[in-house]
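First comes the structure, then the notes that go with it.
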Amino acid sequence: MTKERKSFFDEITDTVENLAKELGLTDLIDELSPAKRTENSPDPEGASKAQYDALRKTYARLEQEIDGYKTRLAREQQQAIFRAEGQAFEVAFTVLDDLEGALQSLDKMELDPEQRAKIAEGFTMRREASLTLLARKYDVKPIPSLGYQANPQYHHVLSEIASEQPKGVIVHVVEVGYTRNGEMIREAKVVVAK
């Protein structure tokens, strides 16, 4: 065997052994160990083409396993990020719900109309700024509900009430629903006309 081929052979063997150790494939490490190679070929410089081909196949198989491992790891990482973002969105949705509730409760408070208008304007501006940020940065958008026909894919109907609206049209939104990248992440809880 030429010196260059021996060097290449040793380099591939070392790479395969290192990858096998990383993946915990001890049977492969034993198979490639120097003692095993010596058993199969008393003259290490006289490695046969069959040994060389077997080593290349092993190397190719390990590369495939590593690629699969990387793909699985990337998918699991993306799922973890998605779950963490979902939890963060739930906090943001709670704050938005509280702002909406505060706006609705203003009507029940005994305030002069000018004061009520200023407070409502502040709450509305904060809510709109938060919605704009969610839409721009994360593509999170509220699901259109009030005045629309209820869609079971996006709306959870809590009850039906008598209304001038046609049957199934949403007359009250209890909890706003949201989509992200066009997919629902929180369904809207609504009341519809009977």
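Read-outs throughout are calculated quantities, based only on the coordinates presented, and are distinct from any laboratory measurement. Keep in mind that what you see is a predicted model, and the values were worked out from it rather than measured. Note: ideal-geometry Cβ built from the backbone for every residue, glycine included; neighbour counts use all protein chains shown.
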At q = 0.19, 0.23 Å⁻¹, what is the log10 ratio I(q)/I(0) for the range 43-139, with the Debye formula run over Cα points and no solvent? -0.97, -1.12
Once both labels are modelled 7 Å past Cα along the beta-carbon direction, what's the Thr124-Gln104 spacing in nm? 1.8 nm
How much FRET efficiency would the formula 1/(1 + (r/R0)^6) give for Leu111 and Glu76, where r is the Cβ-Cβ distance and R0 is 41 Å, rounded to 0.05? 0.20
Cβ-based exposure ranking for Arg72, Arg127, Arg56, in which fewest neighbours within 10 Å come first: Arg72, Arg56, Arg127
The long-range amide H neighbours of Val174, using H built 1.01 Å from N in the peptide plane and a cut-off of under 5 Å, are Lys189, Val190, Val191
If you wrap a convex hull around the C-alpha atoms of the range 84-194 and split its volume per residue, what is the figure in Å³? 112 Å³
Taking the Cα centroid of the range 64-111 and of the range 166-194, what is the distance between the two, rounded to the nearest whole Å? 18 Å
Could you list the square roots of 5 times each eigenvalue of the Cα gyration tensor of the range 141-194, that is, the equivalent ellipsoid semi-axes, sorted largest first and rounded to whole Å? 20, 9, 8
